[in-house]
Structures are given as C-alpha cells and as structure tokens.
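One structure below.
The values are calculated or read from the model by the stated rules, or taken from the named source; none is laboratory data. Just so you know, these numbers come straight off a predicted model, no measurement behind them. Note: ideal-geometry Cβ built from the backbone for every residue, glycine included; neighbour counts use all protein chains shown.
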Amino acid sequence: MKTVAVYFLLILVAALVLLPLLWAVSASFTPLEKVFEHVYPFSWRALVPQDFTWEAYTNVFQGRSHTAQSVAPQPGLGRPVVSTFILAIGTVVVGGLICALAGFAFAQFDFRGKNLLFSLVLLSFMMPVEVTIIPLFVLVKQLGWVNSWQGIWVPGLVHGMVIFVFRQFFSEIPRDLIDAARVDGAGWFRTLRSIVLPLSLPVLISAGLILFLYQWDAFLWPMVISPSQEFRLVQVAISLSIEEHQTLWNELLAGSMFAAILPILLILPFQRYYVRGITGSGLKE
Amino acid sequence: MARAIAEAKPFGRREGWIPFLFLLPAFSLLALFRLIPVLASFREALYGNVFSAAGPEHVFVGLRNFEALLQDPVFWKSVKVTMLFSLVINPLQATLALGLGILANQPVRGIRFFRSIYLLPVAVSLNIVCLIWRLMLDANFGLVNGLLAAFDLPSQPFLGAESHALWSIIAVATWKGVPYWTIFFLAGLQGIPKSILEAAAIDGANSVQMFLHVTLPMLRRVILFVLVADTIINFVLFIPPFVLTGGGPQLSTNLLMLETYRKGFLFGDTGGAGAISVLLLGIMVIIVGIEFALVRPREA
C-alpha cells in the first residue's frame, strides 16, 4: 500500500517535470502549421511530434537572410553556440586550474592569514555576483572591455565554490604522500603532475561540470557587457529571439532544445560528481 | 585530529611564500572582480550622470541618488513586490524540496530512474525554462490553458494580469528551483545513519514520530542552509521576470534586480541603479552573515 502511494507520487512529480520538456521537444520537431493543433484544447498528441520535421532546427541553426513568412532576417544560432562552447571550455581549463591551485594551497599548506583568506573565498560565493553588477560593469568598462570576449570571460574565471570543492578533495590526500615526493626531490610542479593529478579525476569532473554549466548558462553578464551581435552567446541569442519571432514557436523551442541538450548530456551520466560537487560546498566542513 | 598530528611534526609544511604563489592567480581575480566592485558600489551610488551641453558627465552627487530613490514610486513598488515574492517563494521551495527529497529517498525499485528525471530541471538553464513556460502559459494558445480547456475550465491570463503574473513567476521559478534544493535534502537524508532510524523503529516510533523527532532534527543544518541560500538567490532573481513578463503588467513583477537592470542599463541611470545595489548589498550582508555562521570552517 505504501509502495503504491510512493509510485503514485513519483510518477506525478515525474509528469510535472516532463510535461514542459516533452512538449518542447515534440513541438520543435513539428511544422509550424501544426504546432498549436493539439495544444488547445490539450490532447496527448501535443507530446508527440506531428509530421516529424527537422525544419525548425535547420532554420534556427542557419538563420534566415530573406524574409520568409514576413519574419525579420535572423542570425543563426550556430555561431553563438560555437562561441559559447569555446568560452566554456576555456573557463573549465583556465578557471579550473586557477581554482585548483588555490584549493590545493588551502588544503595542504599552513600559512599566515589562511582562515581570513578562506573566509573571503566563502563570502565570494555566498554573495551573488548580481548585487555588484553595476560597479563591475563600470570597472570592466574602464578596462576598455565593453564588447569584447575578455570582458565576458575573465571576470567569470574564478569561483569560490570551485575553490571550495578542490580544497575539500585535496584535504583528503594524505600530507605524508606529498611530503614523501618532496623529500625525494620532486619540485612542486612534478609533485602536482605525478602525485596529485592522477588522483584527482573525480574532483576535476565535479569542478569541470560546475564551471562549464556556469559559462554555458551565463546570461545577464554577457548581455550587458558585450551586447553587440558578434559577441552574442547562446542564452542571450535565444532570449532575444523571443521578441523577434514571437509566433514561430517551433523555432523558439528548437533553439531552446539545442541549448539544453548539451548540459543534460553532461549532467545525467555524471550526476554523482555534480551532486557531490554542489553539496560538498554547502554542507560539509 | 590527523591534521593536528601533521602540524605537530617537525616536517609540518610551512613553505614561506610558496602557498601565496598558489593563491595569487585566484586572489588577484577575486580582488579585482569581486572585492573591488563591492567597495566601488558605495562610490558608484554617490555619482550620477548629468546631461549638460557638453554631453553626459559622470559627477559626484552625494546622497541625491538615494533621495531620488526614496521618492520613486517605481522603486517602492519593486520593494513591495520583492518582499511578497521572497516571503512566498523561499518557504515554498524549501518545503517542496524537503518533500521531494524524502520521496526520492524511498527505497523502491527504479528510484534512480526517477532521480535522473528530477535532475532535468537542474540541467536546463533558467533562461530556457522560462522561455518554454512563457509559451506554455500563453493566454491564447498556451498548453496550460489547453489543459484547463480539456477540463472545461476557463482560460487564465497567467502572465498578462496583475492578479496572476507574480504567482506564475513563483510557479515557474519553483519548477526550476525545487529539484536543485532537493539534491541537498537527499544528500542530508542519505547521511542520516541507518542505526539511528532502526533504533527509533525498535523503540516503537511510527513514521510521523520518526520524521518529527529523528529526521527533522538531523536535517536542521541542511534546512537552514537551503532556506538561507535560496533566500539569497531569489533576492537577486533576474531571468524569470525578464523573460516571462518584462516586469509587467503594471510593474507587478518588477523584482529589485530587474529594476536595477532597467535603471542602470535601459535608462542609463547608473547612479540610481548603484544606489539600489548598495541597498541590496546591505540586505545581502545580513543574510550572507547568517549563512556564513552556518558553514564557516570549524578548525580555526
């Protein structure tokens, strides 16, 4: 009896979660004339593509130079997707390295001011970036980085949360292990490469996921600091296309699914690492 | 304990300036892009753009930005909307996430499959979530109204009426937010030692008693953490009102962060926006202080 109730609730919540996503997928594969057909009033057919077509995806990816269906010319999503992907990989590699070094220092060294500096790290990820977006904008503008890639990218390289995740992980590497390598005469670079790095795959996946998702999902900051067309990232491009093609629901949803599929494919297989990353930062000592 | 021993050893790692070398890249960036903007927000709030014959000028205006703010009905409306929003959404999300965490912790077959499904809203960006829901909540062709119609219920102006819009935004943000906080509750629930639950069961506790006297007290820290962290995030929530309603109708969904954006970037009033930022910062310092007390390192 209890099991039946549990399954009932599990399925109910799953339906709530899946309904918007299934509809979005299905509508993105449906030709425009049919998108509204089974939505109002609702029938289950709305959740299955009618007359399956890739049309919306090709339109969204390539953009439109001529005015078909009296819609304004629309730049394709291809370029924003590629730009965002490259930036995100860059954030994972460079940001990951910077945060890993700091995390290692907090985990493995004793030094003056350690607690104070670590408190700053904690405060930096508790205090949302949005609060200081106005002065940050003024500052980055003074650097001459408005409408530039570095303006979008550099301020998001360091994340207190990721430093924290690295510190947690590196604290569990026995200090004796590292001391042994040092006594054998290995420099810090070699110790990190040959002792620490091979142990670190789990934390690299956790940190990599957090950093990748951060850059892939970035919205407000790229929109205000680099508004010009050539620096448009995927989330901004999709959001701005709402006004431009209000009624082309299949294309709006195709763009959305296009932007959503990559994070889904990253998080689902690696969910253990993702979960460990975000919960470790909030709950454990 | 292990650490104390390591420190007591003569070989304890005190490498002079080496650790600072490791910290240098991270702390230069933190100082430049996180710390300086916090300090600069106070300065920014005291400056304003004045338009003269020579074009716009950035000049010192003292407290005039704050005075203007206090007399600005749009700002006060935004404060009221943000307060109502916060009072509703934070307890709502925390409660639902606790419930979903308990559900996802049930030892039934296929539970991993359901957990994966529940993770989907976490993976999809807030921006995309809001776009999908904007179409779903459309007054004329939206799927939600389609569902109502299938049950012969009248259509609702979910995003288009003052009476509905804020509640619609709360619902959408909750759809996206609850699964994220559930992750924390699930981790907390899985951290409760089985022996404690078994001991309570042997003592004859029923499931309600177990929940009230074992589970809840064991989750105290997680609950506090989620409430505080959620409050912080929702206080500066920007994307849902931006994508779903643009702050309307009649500013009924104009949350403070959106108002900051509108002032600063649409109307070019960086001083006014800076003044709001300072106020937000003040409130944040209080809430973050609470969170910090919860998670601060204990080894000091």
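Summary of computed values
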read-out	value
Of residues in segment A:228-240 being of a type outside the set (A, V, I, L, M) and at pLDDT 90 or above, the one nearest to A:G76 (Cα to Cα)	A:R232
Selection status of B:F185, surrounded by 23 or more Cβ atoms within 10 Å (Cβ to Cβ), farther than 18 Å from A:V17 by Cβ and under 24 Å from the mean Cα position of the chain (by Cα)	no
Among (1) more than 13 Å from the chain's Cα centre (by Cα); (2) farther than 27 Å from A:T53 by Cβ; (3) of a type outside the set (G, A, S); (4) facing another protein chain (nearest Cβ under 10 Å) - the single one A:W249 does not satisfy	(2)
Subset tally (residues that are more than 14 Å from chain A (Cβ to nearest Cβ) and out of contact with any Pro (no Cβ under 7 Å at 6 or more places or on another chain)) for segment B:136-179	5
Qualifying residues in segment A:73-98 (those that are of a type outside the set (S, T, N, Q) and not in a helix (DSSP H, G or I)) - the one farthest from the other protein chains (Cβ to nearest Cβ)	A:P73
Condition met for B:A200 (surrounded by fewer than 19 Cβ atoms within 10 Å (Cβ to Cβ), touching a His at 6+ places or on another chain (Cβ under 8 Å) and not in a loop (DSSP other than H, G, I, E, B))	yes
Test: residue in segment A:149-160 that is touching a Lys or Arg at 6+ places or on another chain (Cβ under 9 Å), part of a helix (DSSP H, G or I), without any contact (Cβ under 8 Å) to a residue 60 or more places away in the chain and closer than 30 Å to B:Y47 by Cβ	yes
Members of segment A:99-114 found to be crowded, with 24+ Cβ neighbours inside 10 Å and either closer than 13 Å to A:V203 by Cβ or within 7 Å of chain B (Cβ to nearest Cβ) (or both), listed by number	A:C99, A:A100, A:A102, A:G103, A:F104, A:A105
Any hit, segment A:173-182, residues being among the basic types (K, R), farther than 21 Å from A:F219 by Cα, crowded, with 20+ Cβ neighbours inside 10 Å and at the interface with chain B (Cβ under 8 Å from one of its Cβ atoms)	yes
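Results for (1) facing another protein chain (nearest Cβ under 9 Å); (2) of a type in the set (D, E, K, R); (3) assigned to a helix (DSSP H, G or I); (4) touching an Asp or Glu at 6+ places or on another chain (Cβ under 7 Å), shown as yes or no for each residue.
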| position | (1), (2), (3), (4) |
| --- | --- |
| B:R34 | yes, yes, yes, no |
| B:E44 | yes, yes, yes, no |
| B:F66 | no, no, yes, no |
| B:L69 | no, no, yes, no |
| B:P91 | no, no, yes, no |
| B:F114 | yes, no, yes, no |
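Table: residues versus (1) farther than 27 Å from A:S256 by Cα; (2) of a type in the set (S, T, Y).
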| position | (1), (2) |
| --- | --- |
| B:N140 | no, no |
| B:V144 | no, no |
| B:D152 | yes, no |
| B:Q156 | no, no |
| B:L166 | no, no |
| B:Y180 | no, yes |
| B:Q190 | yes, no |
| B:A205 | yes, no |
| B:I223 | yes, no |
